[in-house]
1. What's the exposure ranking of A:749, A:568, going from fewest to most Cβ atoms within 10 Å?
2. In degrees between 0 and 90, to the nearest 10, how far off the longest principal axis of chain C does helix C:33-42 point, with axes built from Cα atoms?
3. Rounded to the nearest 500, what is the 222 nm mean residue ellipticity of chain A from helices alone, with -39500 (n - 2.57) per DSSP H run of 4+ residues and division by all residues?
4. Between residue A:122 and residue B:99, what is the label-to-label distance in nm when each label sits 7 Å out along the Cα-to-Cβ direction?
5. Could the peptides B:130-142, C:52-64 be put in order, highest first, of the mean number of other beta-carbon atoms found within 10 Å of their residues?
6. Considering only C-alpha atoms, what is the centroid distance from region C:232-304 to region A:320-383, in Å?
7. Checking the a/c ratio against 1.5 first, then a/b against b/c, what shape does the Cα gyration tensor give for chain B?
8. Based on the Cβ-Cβ distance from residue A:672 to residue A:141, what FRET efficiency comes out when R0 is 41 Å, to the nearest 0.05?
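Just so it is clear, none of the values below were taken in a lab; they were calculated from the coordinates. The structure displayed is predicted, hence computed values, not measured ones. We place every Cβ from the backbone using ideal geometry, glycine too, and count neighbours over all the protein chains shown.
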């Protein structure tokens, strides 16, 4: 905990853009209208796997107001972040029910939809891959050309003639020896289904192509404008600089708007329409059925422990049902290798993470980037091992939890400054009054009431999953009224990080936060580069860049002031928007009098407009060894824990969350209000994954719940009775003011902690999500005797 | 392709349903509005496309998510599943109409100070449900607040700050009423 | 695993449902009942628009492509919500679900109807959805059907040929099908008077605590002469009265043991399907649970 008194750091400042949002003035991409703008609609594959025999667009073409119709054969480009395996429109074969096959641009949405309805496609339906086992068996290949696909070598490992888009591993120590040393070996298999991001704003993109050059201007609801630019340039064989991506307000992303999605399609449509702007808004059904999801996953875990609870070995297989294209999903699979054993010391481990192609809607980045899924497996396993050991799961975790001096499974040493998972666990255990598992007798004594209570604990960890040489940058300028403008290429998608940047700049410059403006509508041709708004890295990396930028601005001001005040820079300090001489405080110059350079009384001018820069490069990180998974991938670790008390109606299977306490060691809360907002929002999204959400597919691979009617998300009536965010602050020395990220973490381990509480309440272990009333009631019916 | 205007790159004609346009007149945010519209147009699209009031959002198009919530004749409704023509002679309030003479209302201010929004997409609809609640019940308890917003999905906030903001706004509005 | 009701719904495209209304329709809003009935007579395939919460979604998905939409909200008879002592309660076709839910009189006399109304859907939807619309849509899981059935409500139907009254218990004929002829309009629903001491309850199981379609809905009523009426929705092609069980329950004094017997007996009577919302197994299980709970509730109420 820092004992410094800050002006802005740690204060619950209001969100800088709140006024725009509460008045309806905030402009999102679907709100944009341009002269001559056309509207696009797509026709999708009804089959999970089929050959496209013929496409007849003649009737659609004849409609008044239709300006372009494109099919896969018209677009010879391939797109992909890591594996270049996707067409902009399906060509030859379709690989998932919901894959776009034809796109129409027309003067209005009704005309586009009418045109779509008149397109006739003949398919030859083929058998498809619907399960993890079918994918592994490999009798049918989702990508028959997998051996020829372009991909990033030594990072991803597609297996020839298979459906394995990548097989990544961590191998540390010797698990054979580890299991021999163990007094007890526990093996389990757990699964969880795909879920939707379900941001309230669906994907939307507008493109305006310049038909005389390669240039294209794109407005998109995206988390990664610079990645869109780079990937689109690669796909279309044009230069990065030819593409301008502008990001209006974004109505939530949760990872689903990272990478590249609708942008290539609207670009080729605009080109086909002689450069008229083309807008494509995903409907909610398309958001569920065409656009990517979080992957389903099956984890098989084998743990060896000694009698005293010390873990000796882990053998883990994560198999990701990642859908028809690798997209970001393959990186989720890879990232499981450095973090997929939880925040514990594991001396011997073999972890296999296989990202599998299946004929379903494909998966992409999702809040937690695979960590909710892996922690579902690991944190349930930890409890089940404790059960078999006859040990308190709190004690079992504390016995193995990462402490300074321990090594992570990728070989990184935890230090005093890494954060303290044990403090998080202790805090939540205390908050829920943890005293160990209930006994069977206690359960029986309450059965007549029809409601059983239980408590659970679970830990979590995550570091940003990003390339080791990821960077971000910021530019600041000052206007002659002393207002400061920050340009940073990271996107505020609602997480509130732009406000954090304003707080950091205002702190360094010691000025009112109202005078620090973060410039919205991130624009790749104006804002400085940032890799992508993902990975809970904005506060950390963006914050460092802005901190350096503000310091750079101070230096520029001091350089001019030193001349004007005829002193040396070391004798200058700053306070309340003044640069002043330390020993003669009344010799001072206002910031705003330096904003455009400094003018002497006689008219001489020195210096020039203040334009400051700050860059941050993640330093000291390395790639992972392709065989052993060892390396230094983690910019910063955020550890956390949840403690929950639930009540189960044993007849209906309904779960009421009485209290959930969630603790995170975030180093320094720059804005407590925003951090608590992330915690409350993330925990509820985790509850959604735990109790409510899950894609359902028919045996033929058709999505059965492609709308809010049957793909529910938590409503205001689904919140816990009490939610207690706990902020723990062991500073991160290289974080801005000691801060670490927390955007994704609140969601991780929520399903695990509820699963653990269900065991305490019912004496039943659950291995699959969600804990719908049906799944719980039927398990009770099969398990608990009345 | 589009025979009529095929040779002109710039064809600005909306075709829409092709039906003859029909006159709609109603009151929106206190102002009389008259427009000829496609009779198949939804009320949400009328507000956004005809009146350029983009505050109300489409989140699902089928009355589930509440992002399109407006107040029509004093009650909160989902404008995405109402035909524009059904608003004939009715009075409509959108998020653009809940300010007080150019100043933001107590309700909006409480949303800001309680951080009852993150990405902001559900916020207009949420404010309208809250406004309709406080108009009919100036002293709602927590479960009444929750019921009023149960049809407004929010993926970001976890709802707790929103509930607190509405409760706080209710209290402040009652105090303001007493002082008037 | 296709939903039963989907077999009756047409989609233009098999793949992802459309999202833009393609219908080209005439929209009329008469102020006289006779005009409405004539319009209905003259224009085949006319869709009735009251709250629109079902119709608008059908239009959006292009599952219905009507050429005529008849808005009945201006017709005075359809807006009546009138109770006459010793006779009963008339709920007009355009009375919204919230109007029913917020009526103290209805809560006092027909509590299950208010409970079902509150659980139908979100507040915004309830401000538009109508009780009559819910039964005309005739989903197997129509929340308001059960309460109307246990009160033996009467459906008032008019056409150019005259009027008729159909008992709600004979109103549903199949999944999303009713006895209504193509030229007929439901004017409203009439619930006969109930005596002091009559009690009822509606219980619904959904997937979430928020608003959702019913996995199962159970309505139970005990009349002043201790007769039990029981209706269950979402377990058959139409909402159903469990007359077999009603006879058993009405022939003895209601006790906790009888309630538990009823729970088990329900398992033998209903034959629900599995669909995307629930397995048949859970539907059977939860039907029993809710029947038992409903009866236990009536038991405690019966003391007054």
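1. Result, fewest neighbours first: A:568, A:749.
2. For C:33-42 against chain C, the angle is about 70 degrees.
3. It comes out at -7500 deg cm²/dmol, rounded to the nearest 500.
4. Going by the 7 Å Cα→Cβ label model, 6.0 nm.
5. Final packing ranking: C:52-64, B:130-142.
6. 44 Å
7. It comes out prolate by the Cα gyration axes.
8. Plugging the Cβ-Cβ distance into 1/(1 + (r/R0)^6) gives 0.20.
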